[in-house]
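As structure tokens, the structure follows; a few thoughts come after it.
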Amino acid sequence: MTQAVIRVLGLGKSYVTAAGDFTALHSVDLTVESGEYIAIMGPSGSGKSTFMNLLGCLDTPTRGDYFLAGERVAGLDGDALARLRNRTLGFVFQGFNLLPRMSLQDNVALPLVYAGVDQPTRRAKARVLLERVGLGRYAESLPNRISGGQQQRVAIARALVNDPSLILADEPTGNLDSHTSEDIMALFGELNAAGITIVLVTHEPDIAEHAKRQVRFLDGRIVDDRLTEVVR
Amino acid sequence: MTLIRPMFHEAWLAMGANRLRSALTMLGMVIGVGAVVIMLAIGQGAQYAVQQTISTMGSNLFIVLAGSFTASGVRSGSGGGPTLTVGDSDAIAELDGVVASAPTHMGSRQLVYGAQNWSTQVIGTTPDYLEARAWNVVNGAGFGDSDVRSATRVAVIGKTVAENLFGDEDPVGKTMRIQQSPFIVIGVLAPKGQNLDGRDQDDTVIIPLSTAQRKVFGTPFLGSVRMIMVQAAAADGMDRTMASVSSLLRQRHRLRDGMPDDFFMRNLSAAAESEAETTRTMSILLGAIASISLLVGGIGIMNIMLVSVTERTREIGIRMAIGARQQDILTQFLLEAVMISFAGCLLGLILGVGIALAINAFTGMVVVISGSAALLAFAVAAFVGIFFGWYPARKAARLDPIEALRYQ
Ligand SMILES: Nc1ncnc2c1ncn2[C@@H]1O[C@H](COP(=O)(O)OP(=O)(O)OP(=O)(O)O)[C@@H](O)[C@H]1O
Ligand SMILES: [Mg+2]
């Protein structure tokens, strides 16, 4: 039996707002095995991003348990969480989130800096990943010199640079046209084929088609969870 | 440790991203450090000058003056006849704790050599005077006790006198006139520079006391002197030595209990010490005032770093999302603050040294630029950078990653 990359038990998140407590995520149970490729769907405000941020160890849940690669996240301190974000998973954002003042190569290499990797290795790995996403010749360019689709490829390269076992992507194609989206999805397909577990959020059914499993959120709960073949 | 290098690079990039702002922030430090460096240079220069003067004065000196001070501080008694004599001086020399005692008579007189005139202070004294003041003869020789006994007309002259009266000629062996009397110059004194009152100590002629009294000043009572210069054996024995000189003189002058002293003593070394203390205090004060501008510079750094943290909130969120620890963020911002501080410090140091040297060149004021002052400036810069960078850096490090990422 494969080791579950993600195991979520009764995970919930409430926000304290001026109008009282607001529960964005009620009680979510989900298990993601190694090598899975999951698309999370659901209407706006259904709690998808909230859930992804919890999975990405960027936010802390109000209740429930989360095990990432077998490790109980709730018991970890800030440094251990940073380490998980750095090595165990890679996060891809809708808005790319590259650092504007750095070259693409330096952007890709940044997680390696925080992993304490030496300069020649950083440079070499960043080059390899930029080549892998087809942007090797832009290594020294700044992010604002390339297109959105290319920027998202760089962001994916950055997410991959520390060889994580899991990629989390919150609407990675949300800012891209359909043609560019297809390119990005093809890249995710390749990564999954190479054994990387992928969880991505999307609004578009044809993007979700690329995943092997589709999970639907509604009002902070999972209301549907099935394999793509069955959906089709 | 592998982090430090890329972080330096990043701090450099961050500074370069907003050059004008970095430069203005630095300016605060430049002015602060520059002010401290200049003030320290001037303060230490003043201390140096005083120290220099003290070292030329001779050590553990006090003088006994004829006459007395009334309660109101007005000097009186000097007109009522001489009160100090060569005999007093000889008796003082016999006391325990006294190294040298030199009876002295001095006054301003005109010197003539050939067509040259020079008005200077003429000191009639004994060889003990030069000994007490640790004053060497660099050219020729000094006079001896036998010269005093037989009142020979020999003179030892200061450097200023030598230059003004003799020009390029070697004064030794030449004959000059003081009050019409011919004197043979037998030696030239080592230069001492200014004394604490700013008077040129090298503008002087020293002749045997007996000769001075007979040929130059024409004292009514032979053997009376205006002043006795006494050198004590040790600095900590000065008060005791002065007390025994006082009781000796009262006894010799047959002063009964209750009668005021007919002489007055002044501790030259103590006066010099207090002068040195004053310049030291002044130097500390100058430095302290200048440090305030350093504080202002530091606050400028803090202000800009706070703005920078707010502006770069999203960047901080991104860094955290890809694995930066709190400590990494803290180090990054701290390094940036310290770099601005250091760069400002370096420029301030250059500016300060430049201005201090310019002050020296244009006003002749003594300035001392010490390595320790430069080191201090750098230590202060590091401290200011860390102290004022700490709060903004900690603020950055404590950001919640998800809140930071949401920040627009
Ligand atoms: N910091 C917050 N404070 C208060 N409420 C919040 C906060 N963050 C999210 N919410 C609320 O939680 C709910 C879920 O938000 P979330 O961003 O997870 O939705 P989503 O499914 O990602 O929507 P979308 O498809 O538009 O991205 C929303 O109603 C939102 O208003
Ligand atoms: Mg969302």
Could you grab me the full set of residues in segment B:322-369 that are within 14 Å of chain A (Cβ to nearest Cβ) and over 30 Å from A:Ile167 (Cα atoms)? B:Leu335, B:Glu336
Selected residue [assigned to a helix (DSSP H, G or I), away from every other protein chain (no Cβ under 14 Å) and either in contact with a strand residue (DSSP E or B) (Cβ under 7 Å, 6 or more places away or on another chain) or open to solvent by 90 Å² or more (accessible area, probe 1.4 Å) (or both)] from B:Phe378, B:Phe383: B:Phe383
Run down B:Ile284, B:Ile228 and say which single residue is more than 22 Å from B:Ser101 (Cα to Cα) and either open to solvent by less than 40 Å² (accessible area, probe 1.4 Å) or in a helix (DSSP H, G or I) (or both). B:Ile284
Cβ-Cβ under 6 Å, sequence separation 6+ or interchain: first residue in segment A:41-58 and among the hydrophobic types (A, V, I, L, M, F, W, C), partner near ligand 2 (Cβ under 9 Å from one of its atoms). Which pairs? A:Met52/A:Asp170; A:Met52/A:Val201
Among strands (runs of 3 or more DSSP E) entirely inside segment A:164-223, those with 3 or more residues being within 16 Å of ligand 2 (Cβ to nearest atom), touching a residue at least 60 places away in the same chain (Cβ under 8 Å) and within 14 Å of chain B (Cβ to nearest Cβ) are A:166-170
Would you confirm whether or not segment B:339-349 contains a residue that is of a type in the set (A, V, I, L, M), open to solvent by less than 30 Å² (accessible area, probe 1.4 Å), more than 16 Å from ligand 2 (Cβ to nearest atom) and closer than 24 Å to A:Ala80 by Cα? no
State all residues of segment A:43-76 that are open to solvent by 40 Å² or more (accessible area, probe 1.4 Å), away from chain B (no Cβ under 12 Å) and within 16 Å of ligand 2 (Cβ to nearest atom); if no residue qualifies, say none. A:Pro43, A:Ser44, A:Gly45
Can A:Gly134 be described as touching a Leu at 6+ places or on another chain (Cβ under 7 Å), open to solvent by 20 Å² or more (accessible area, probe 1.4 Å) and at positive phi? no
When you look at B:Leu20, is it modelled with pLDDT of 85 or more, within 30 Å of B:Leu285 (Cα to Cα) and surrounded by fewer than 19 Cβ atoms within 10 Å (Cβ to Cβ), yes or no? no
Check segment B:397-405 and report whether any residue there is within 14 Å of chain A (Cβ to nearest Cβ) and either within 25 Å of the chain's Cα centre (by Cα) or open to solvent by 80 Å² or more (accessible area, probe 1.4 Å) (or both). yes
Could you count how many residues in segment A:77-114 are within 8 Å of chain B (Cβ to nearest Cβ), open to solvent by 20 Å² or more (accessible area, probe 1.4 Å) and free of Cβ contacts under 8 Å to residues at least 24 places away in the same chain? 3
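Yes/no per residue for (1) within 14 Å of chain A (Cβ to nearest Cβ); (2) closer than 30 Å to B:Ile386 by Cβ; (3) open to solvent by 80 Å² or more (accessible area, probe 1.4 Å):
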position	(1), (2), (3)
B:Gly218	no, no, no
B:Met242	no, no, no
B:His253	no, no, no
B:Ala272	no, no, no
B:Ala290	no, yes, no
B:Val309	no, yes, no
B:Ile316	yes, yes, no
Please indicate, with yes or no, whether at least one residue in segment B:42-60 is surrounded by 19 or more Cβ atoms within 10 Å (Cβ to Cβ) and not in a helix (DSSP H, G or I). yes
Kindly indicate whether any position in segment B:141-153 is surrounded by 22 or more Cβ atoms within 10 Å (Cβ to Cβ), among the aliphatic types (A, V, I, L, M) and closer than 22 Å to B:Ile92 by Cα. yes
Can you work out which of the residues in segment B:69-97 that are open to solvent by less than 20 Å² (accessible area, probe 1.4 Å) and in contact with a Ser or Thr (Cβ under 8 Å, 6 or more places away or on another chain) is modelled with the lowest pLDDT? B:Leu84
Among the residues of segment A:14-33, is there at least one that is open to solvent by 70 Å² or more (accessible area, probe 1.4 Å) and within 13 Å of ligand 2 (Cβ to nearest atom)? no
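The values are calculated or read from the model by the stated rules, or taken from the named source; none is laboratory data. The shown structure was predicted, so the numbers you read here are calculated from the model rather than taken from an experiment. Using ideal geometry, Cβ is built from the backbone for each residue, glycine included, and neighbour counts are taken over all protein chains shown. In case anyone asks, the SASA skips ligands and DNA or RNA and just uses the protein heavy atoms, side chains included. Shrake-Rupley method; radii C 1.70, N 1.55, O 1.52, S 1.80 Å.
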